[in-house]
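Let me begin by presenting the structure, written as structure tokens, before commenting on it.
Only the coordinates and a few stated rules stand behind these numbers; no lab work does. These numbers come from a predicted model, not from an experiment. Glycine also receives a Cβ, built like all others from the backbone with ideal geometry; neighbour counts cover every protein chain displayed.
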Amino acid sequence: MRPNSERIGLMAAPLRVVAQRFTLLLFAGASVTLLVLARAGYPPLERVRTAVLDIAAPVLEVAAHPVAAVTDTVGDLAALSNVYSENLRLREEVERLRNWQAQARLLAQENAAFRGLLRAQPEPGMTYVTGRVIGDSGGPFVRAVLLNAGTVDGIHPGVAAVTGDGLVGRVVDAGRRSSRVLLLTDLNSRVPVVVESSRYRAILSGDNTDSLKLAFLPAPSAVTIGDRIVTSGHGGLFPAGLPVGVVTEVTADAAVVTPHVEFRRLEYVRILLFDFPRLDADEAEAPAAGAGAAGREGG
Amino acid sequence: MIPEAIRWFRLVRMLVPGVSVLFVVVLTAIPVGIPYLPTVTPFFALIAVYFWGIYRPDLLPIWAVFALGALQDLLTGAPLGVTSLALVLVYALAVSQRRIVLGQSFGVEWAGFMLVAAGAGIVVWLVGSAFRAAFLWTDPFAVQTMLTAALYPVFSWTLAQVARLAPPAQPG
């Protein structure tokens, strides 16, 4: 190490500048290459990504504990000051929800009876695993969180993530014991939804801000402020009827939806493992692989 | 036996800058549960890389800067390579300008960092937007840059304490 640095020290100054410029170009170029490969979804890079997540997950989990302890304490102290009003509010809510529970039981029975009469196909079974949020997206690029559950728990890319409040997003990367959930608010998030009351279909998209936009509505007038938005189940990724948000603004060309989930306070997230009925597993994969590949496999 | 131990100890001390950057990279990825913070987490690694680029570039080689940037991208889910690019550029700038900054007051060092942070913010926004083929919402980038610049005095003071753990610089 030492002889080497001495040699560099003896190097003529201009030569040293040239060497510095060269290494800068080399590593700036390497960064750009990474960006291009990542953009193209180069498979080995994706494997590296999930491998790094798996290695980092335990570290993040351990590191998150003291931080969580501090923020929890601060949160508890803040909550202490409004325990009384909170208690009153919760009592009211419990009463209201009891009414709803009674109604829901009644409707569930009625629904089961009607299903029996109609011989409707039973909904596919659904199980879930719960993961703790161990990592935030630490930057302004993506809206995503890291969970401490992965493929060993049955999670695979594409499945839905929810909390008690509603839909959170979908899994985009799954490592063995960790996975990344893309939030609804992310620029790349697109979810097929329906307006609960009118049953109009639309696509709910994020744009990295805190509100969501409804696209592909038959007309902006198809929704009004206060309409509830739920998943439609089209596309086969999410089960139908998951609550997503409420329409809070309608303009001439767009409707704005405020999500039920408070993304900034996510702690535990449930991943729904949903067996969507498929005609055939191979057939479902064929469009993604391209018509040519499907043809070759068939022949 | 003892010279061997000293040699190892010296090796460990040489890793201090790299480990300090690794520490802030992991810190960046930890959820803190404070509203608004995840989207505007200060760019801690930028502070650390600028600091070591000026004071001890001999202990933080450019390839380590590149690797730590890539690690931050992998952990946070940012476009892979964008943080490496920003950190490598800032590091090279700090190393090339260190002779100018070293003799000056802290104010000059801080002002230099503000310029560097603003430049890095713009680069990161441009590259991020190009990567996602859309103009990203600029507010988080602006807030992140300002937060990072505002935190520089505290962080560089802490890093200066940490720097004492590293082996003393060789003259030249």
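Tabulated values for the structure
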| read-out | value |
| --- | --- |
| Amide H contacts under 5 Å for residue A:173, placed H, 5+ residues apart | A:180 |
| Rounded to whole Hz, the Karplus (6.51, -1.76, 1.60) HN-Hα couplings of region A:242-251, x for glycine and proline | 6, x, 10, x, 10, 5, 10, 7, 10, 10 |
| The protein assembly as shown - charge dipole about Cα centre, Lys and Arg +1 at Cβ, Asp and Glu -1, debye rounded to 20 | 1240 debye |
| Counted charge near residue B:88, where neighbours are those whose Cβ lies closer than 15 Å (Asp, Glu -1; Lys, Arg +1) | 0 |
| HN-Hα J in Hz across region B:97-107 - Karplus 6.51, -1.76, 1.60, θ = phi - 60°, x for Gly and Pro | 9, 4, 4, 5, 6, 4, x, 8, 6, 5, x |
| CD proxy at 222 nm, helix term only [per DSSP H run n ≥ 4: -39500 (n - 2.57); per residue of the protein assembly as shown; nearest 500] | -18500 deg cm²/dmol |
| Diffusion coefficient, µm² s⁻¹, Stokes-Einstein with Kirkwood Rh over alpha-carbon pairs of the protein assembly as shown at 25 °C and 0.890 mPa s | 97 µm²/s |
| Overall Cα dimensions of chain B - principal axes, largest extent first, Å | 58, 35, 28 |
| Angle in degrees between helix B:44-55 and the longest Cα principal axis of chain B, rounded to the nearest 10 | 40 degrees |
| Percentage relative contact order, chain B, counting C-alpha pairs under 8 Å, at least six apart | 29 percent |
| Over region A:129-277, volume per residue of the alpha carbon convex hull, in Å³ | 97 Å³ |
